[in-house]
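The values are calculated or read from the model by the stated rules, or taken from the named source; none is laboratory data. The structure presented is a predicted model; accordingly, all values stated were derived computationally and were not measured. Neighbour counts are summed over all protein chains in view; Cβ atoms, including those assigned to glycine, are modelled from backbone coordinates with ideal geometry.
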Amino acid sequence: MFTARLLSRIGDHLAKVAIAILVYDRTGSTALAATTYALTFLPWLVGTPLLSAVGDRFPRRSVLVWCDVIRALLVLAMALPGLPTVGLLGLLGVVSLLAPPSDSTWSALLADVLSGDRYVVGSALSNVSSQLAQVVGFSLGGLLVALLRPRGVLVFDAATFLVSALLLRGLVQARPVEAAAHAGDHGRWREGPRLVAREPILRFLVLLAWVTAAFAIAPEGLAVAVVRQHGGSAVDVGLLTAAQPIGVVVGMPSLRIKGLYLAVATLAAQFFVDWAVLRIPYFTNNSSSGSVSVPSLSVAGLSIDSPARKYLFCLAFLCVFALLAKNLVRGHIGREWMAIRDMDVAAEVIGIRPVYAKLTAFAVSSFIVGVSGGLWAFVYLGSWEPAAFSIDRSFQLLFMVIIGGLGSIMGSFFGAAFIVVLPILLDNMPQWFGIPLDTAMASHLTFMIFGTLIVFFLIVEPLGLARLWSTAKEKLRLWPFPH
């Protein structure tokens, strides 16, 4: 079942990449290429309410087999030479229209085959396989387009659907329909939209899901045009469209852990990123030196070339993100984060969703760190290379948070000052006090004193420098009358 499902989903994503590249190469239109990608999602608005109940009216194995067979025939028709672009888009819409009944029937069949804890494991495996199918489909789609051209990929796509149908027909046991469809069942699809229209919270959640999906899908729809306009190949298109599912697949295991283990788990992805950047020329813009430089920077016509202007530019971002983080911590999202941090089991009991809370924390922190990395590379250093983001830099960021204080905005500033400013002070102290020390000895003493202070602060105040700052403020507020 899972193999057939994986092949079917891979076929879906292969078709998206191949047809988007084919349409853009034919027309050169960014709008048509994005429309091609959007057509694979629009049929869900019709297919979900009208066709999802097909699996309850007919034998589920037969529904899955026929959906795969029909999609294979339609994809083969799309591979015919001379087919106009309008006909290609129409066939793509029909192929996408068969995805909702196939997915809903497969979910229902999974519940029939597995029960209890096995169903929970199977459902989780289904989610992982869906993301894996995106990664393989998009990446393999770009590679196959480069090797077989778009029409050859469509033939290969049709073959995946046929193999999926053969696996389902030969290895999945046929099960009869549990209950006959009632005459009035065709109107039940209206109950869902009516319920959403009556409840404000449901309307908000549906709108939020649409907006989130729009921001997630829009980059994939523009990937073909962006890569082609920059002279990229079909393989580059596949890698760019696979970026999001790769992040999901890598990040999903991190949802099972917490605390410092969660922070360390994110460091593991850095080794993969370093390997990819060093070996895939696309990420360094095919530069022979492995670095990407920025000749000049300007914002609103104002050149950012002097150290003072660079400092003020970065300071503006710092103030905005500090204010944003402060308000987030004060709101309900920040309270959910703190509840998960303190005790995830208790937080789940009171209605907080751990997966949602962790994903939002990952999303916000990834956005802030991504902007910080861009400022570090292109504003401060003036160029980008893998060595600028070594594992030492990641450990410095981790130590900043631990020493400054977990869960504290002010602690981030204290931790950064401790990591960055203190070594500078220790390096210059011998010169200020006239102590004769050679450069090597001064450097070794700096590391020794710096490490000793880190251990001291972690032992004396595990909650970080932010806690010491709060205690000092409280004592100064009561001084000289502590009673």
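The figures follow:
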quantity	calculated
Residue count, segment 18-33 (criterion: surrounded by 16 or more Cβ atoms within 10 Å (Cβ to Cβ) and more than 25 Å from Ser104 (Cβ to Cβ))	9
Odd one out for Asp103, checked against (1) buried (at least 20 other Cβ atoms within 10 Å of the Cβ); (2) over 17 Å from Gly11 (Cα atoms); (3) of a type outside the set (S, T, N, Q); (4) out of contact with any Leu (no Cβ under 9 Å at 6 or more places or on another chain)	(2)
Inter-residue pairs, beta-carbon under 7 Å, first without any contact (Cβ under 8 Å) to a residue 60 or more places away in the chain and in segment 97-109, second among the polar types (S, T, N, Q) and not in a helix (DSSP H, G or I), 6+ apart	Pro100/Ser52; Pro101/Ser52; Ser104/Ser52
For Leu97: the one exception among (1) modelled with pLDDT of 75 or more; (2) of a type outside the set (Val, Ile, Thr); (3) farther than 30 Å from Leu76 by Cα	(3)
Subset of segment 450-465 (residues that are surrounded by 14 or more Cβ atoms within 10 Å (Cβ to Cβ) and not in a helix (DSSP H, G or I))	Glu461, Leu463, Gly464
The lone exception for Asp438 - which of (1) out of contact with any strand residue (DSSP E or B) (no Cβ under 8 Å at 6 or more places or on another chain); (2) within 27 Å of Tyr311 (Cβ to Cβ) it fails	(2)
Condition met for Leu50 (at pLDDT 75 or above and in a helix (DSSP H, G or I))	no
Hits in segment 325-343 - residues which are more than 21 Å from the chain's Cα centre (by Cα) and either within 13 Å of Ser412 (Cβ to Cβ) or assigned by TED's automatic domain parsing to the domain that holds Gly407 (or both)	Lys326, Val329
Those helices (runs of 4 or more DSSP H) lying entirely in segment 229-313 with at least 3 residues modelled with pLDDT of 75 or more and over 16 Å from the mean Cα position of the chain (by Cα)	260-279
Test: residue in segment 376-390 that is surrounded by fewer than 13 Cβ atoms within 10 Å (Cβ to Cβ) and on the phi > 0 side of the Ramachandran plot	no
Which listed residue, of Ile403, Ile352, Ile435, is surrounded by 13 or more Cβ atoms within 10 Å (Cβ to Cβ) and more than 27 Å from the chain's Cα centre (by Cα)	Ile403
One residue from Ile435, Ile449 being of a type in the set (Val, Ile, Thr), without any contact (Cβ under 8 Å) to a residue 12 or more places away in the chain and over 30 Å from Asn327 (Cβ atoms)	Ile435
Filter result for Ile424 (of a type in the set (Val, Ile, Thr) and more than 30 Å from Leu323 (Cα to Cα))	no
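For every residue, the table says whether it meets (1) in contact (Cβ under 8 Å) with a residue 12 or more places away in the chain; (2) surrounded by fewer than 15 Cβ atoms within 10 Å (Cβ to Cβ); (3) touching a strand residue (DSSP E or B) at 6+ places or on another chain (Cβ under 6 Å).
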position: Ser288; (1), (2), (3): no, yes, no
position: Ser293; (1), (2), (3): yes, yes, yes
position: Ser303; (1), (2), (3): no, yes, no
position: Tyr311; (1), (2), (3): no, yes, no
position: Phe317; (1), (2), (3): yes, no, no
position: Val320; (1), (2), (3): no, yes, no
position: Met338; (1), (2), (3): yes, yes, no
position: Ala347; (1), (2), (3): no, no, no
